[in-house]
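One structure below.
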């Protein structure tokens with residue numbers, strides 16, 4: 001009887017309609033989640049552009065009168081035009097109805113993006129223009145501006161659109177490179193900047209600047225990107241190893257205290273043939289199939305000289321805890337004067353101890369925090385930067 | 001003759017503009033480390049940026065750039081990257097990894113380049129000189145560009161003057 005009931009259930013068209021409805025619902029949810037995520041990335045990218053340009057205007061105005069510099073900035077791929085408006089002088093708005101309407105609607109703003117229904121306008125510190133308003137058409141999400149110091153104000157002019165692949169793109173510029181920690185992102189396996197730019201934005205905004213203490217120290221970092229995806233002699237030795245000479249030649253097009261090489265890899269390939277991310281010198285080679293927090297783990301190695309806080313049976317037996325500030329013997333005397341820390345067994349080798357049970361240096365899949373001791377180590381190192 | 005003076009004036013301005021030196025040049029060095037020995041493999045001079053090395057360990061090696069007048073132009077501390085950290089997540093949500101210790105590796109340094117640089121020295125932590133690289137007086141990219149543009153302009157001037165002379169000669173003959 002029950003078998004018959006089951007048979008009739010599966011032959012009932014309502015069953016297939018329900019299945020189809022569930023499938024469609026999941027599809028709609030999936031698409032909307034992806035759309036929302038890409039919208040968030042674009043919003044973050046636009047905010048980065050406004051912050052970076054604002055800082056660049058300030059930096060340039062502090063230079064001697066008449067000094068000129070070209071700046072290349074990244075923008076969301078969908079931005080078609082950027083218009084700058086000097087509100088302190090007369091503007092010819094008759095030629096641009098969209099800008100004219102936006103200007104009256106957002107009275108405080110002086111930088112406008114097209115399509116305006118998709119991207120909200122922003123406010124920069126005062127600047128001057130040769131032609132008011134100055135509207136620049138955008139191609140491939142990049143804008144090159146020439147900034148000229150006129151004493152206490154900076155003049156913006158459009159730079160010739162001769163952008164080369166090796167050019168340095170300011171993703172988030174917070175000030176003079178001499179006083180900032182400069183990170184440059186380079187890609188391997190990418191075909192075009194439209195594909196690479198959102199990935200870099202994601203690493204910067206949803207990972208790097210979302211993690212303490214970088215979150216509260218965010219103005220101490222500059223982020224750059226180079227859209228040249230030519231071969232950098234990266235080897236697969238079970239881990240990623242890119243030739244430092246080749247990487248340095250490319251990275252030196254940007255200010256680069258630290259270099260992030262993003263190796264594009266899909267999760268399916270990585271499941272079949274796992275590949276480790278790696279860190280040495282000032283280079284972090286990241287497998288993009290891994291969790292984004294691997295960036296913070298590798299940054300802990302290269303910036304703060306932190307050791308791995310997990311244990312692995314195959315770990316290097318000659319590991320010396322004295323070379324690293326976050327591993328100690330069972331006394332934990334290196335940090336036991338700090339409040340809120342512990343003494344947990346296992347720090348690279350099971351014979352050493354760590355201050356935090358779960359942290360980014362222990363397992364970045366289970367914790368998105370460095371822990372008190374590591375935070376302090378970072379803050380101490382960041383003190384040398386303004 | 002007034003036209004001639006104008007022409008000479010513009011040419012002189014053009015030469016001066018073309019001789020303006022480009023932005024900061026850097027030198028990217030490629031070294032080989034083998035059990036304590038450091039040898040230079042390759043080098044390139046190009047416009048660009050170099051890292052500030054504010055957090056470099058003072059216990060490691062030191063690289064010094066020396067001018068033709070034996071002045072220190074630049075110096076920085078560095079460590080040979082003999083440790084590679086490798087990390088990956090497993091399907092069980094664990095992190096697996098290792099440290100790879102090397103006694104032989106290739107490494108690279110990026111430093112500012114100076115037109116009057118004569119020598120680069122690498123000194124170990126005991127102040128022993130490990131390597132000395134004599135930089136032959138090769139022209140830097142800025143100098144090369146300036147020289148090429150100067151020769152080009154000189155050629156251009158010769159052609160213009162020949163044309164003017166030819167024109168004058170022709171009109172005189174008429």
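The values are calculated or read from the model by the stated rules, or taken from the named source; none is laboratory data. Given the structure is predicted, the values throughout are model-derived calculations rather than measurements. Counting neighbours? That spans all protein chains shown, and the Cβs are built from the backbone with ideal geometry, glycine included.
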Query - Output for the range A:364-379, where each listed residue is out of contact with any strand residue (DSSP E or B) (no Cβ under 6 Å at 6 or more places or on another chain) and either facing chain B (nearest Cβ under 10 Å) or assigned to a loop (DSSP other than H, G, I, E, B) (or both) - result: A:364, A:366, A:367, A:368, A:369, A:370, A:371
Report summary line: Scanning the range B:69-90 residue by residue, those assigned to a loop (DSSP other than H, G, I, E, B) and at the interface with chain A (Cβ under 7 Å from one of its Cβ atoms) turn out to be B:81
Query raised in the report: If you go through the range B:91-101 one residue at a time, how many are outside any loop (DSSP other than H, G, I, E, B) and at the interface with chain A (Cβ under 7 Å from one of its Cβ atoms)?
Result: 6
Report task. Run down A:195, A:178 and say which single residue is out of contact with any helix residue (DSSP H, G or I) (no Cβ under 9 Å at 6 or more places or on another chain), part of a helix (DSSP H, G or I) and over 23 Å from residue A:290 (Cβ atoms). Result -> A:178
Report task. Of the conditions (1) more than 18 Å from residue B:94 (Cα to Cα); (2) in contact with a helix residue (DSSP H, G or I) (Cβ under 6 Å, 6 or more places away or on another chain), residue A:339 clears all except one; give me its number. Result -> (2)
Report task. Name every residue in the range A:205-245 that is away from chain B (no Cβ under 12 Å) and surrounded by 23 or more Cβ atoms within 10 Å (Cβ to Cβ), in order of residue number. Result -> A:223, A:225, A:227
Query raised in the report: Can residue B:107 be described as facing chain A (nearest Cβ under 7 Å), touching a residue at least 40 places away in the same chain (Cβ under 8 Å) and crowded, with 18+ Cβ neighbours inside 10 Å?
Result: yes
Requested in this report: Among the candidates B:119, B:106, B:94, B:71, single out the residue that is out of contact with any strand residue (DSSP E or B) (no Cβ under 7 Å at 6 or more places or on another chain) and at pLDDT 90 or above.
Outcome: B:71
Query raised in the report: Which condition does residue A:305 not pass, out of (1) closer than 25 Å to residue A:351 by Cβ; (2) within 9 Å of chain B (Cβ to nearest Cβ); (3) surrounded by fewer than 22 Cβ atoms within 10 Å (Cβ to Cβ); (4) in contact with a strand residue (DSSP E or B) (Cβ under 8 Å, 6 or more places away or on another chain), if it passes all the others?
Result: (4)
Query raised in the report: Taking into account only those residues within the range A:275-297 that are touching a residue at least 60 places away in the same chain (Cβ under 8 Å) and at the interface with chain B (Cβ under 7 Å from one of its Cβ atoms), which is surrounded by the most Cβ atoms within 10 Å (Cβ to Cβ)?
Result: A:297
Query - Odd one out for residue B:57, checked against (1) assigned to a strand (DSSP E or B); (2) at the interface with another protein chain (Cβ under 9 Å from one of its Cβ atoms) - result: (1)
Report summary line: Selection over the range A:102-150 where residues are touching a residue at least 60 places away in the same chain (Cβ under 8 Å), over 24 Å from the mean Cα position of the chain (by Cα) and part of a loop (DSSP other than H, G, I, E, B) yields a count of 3
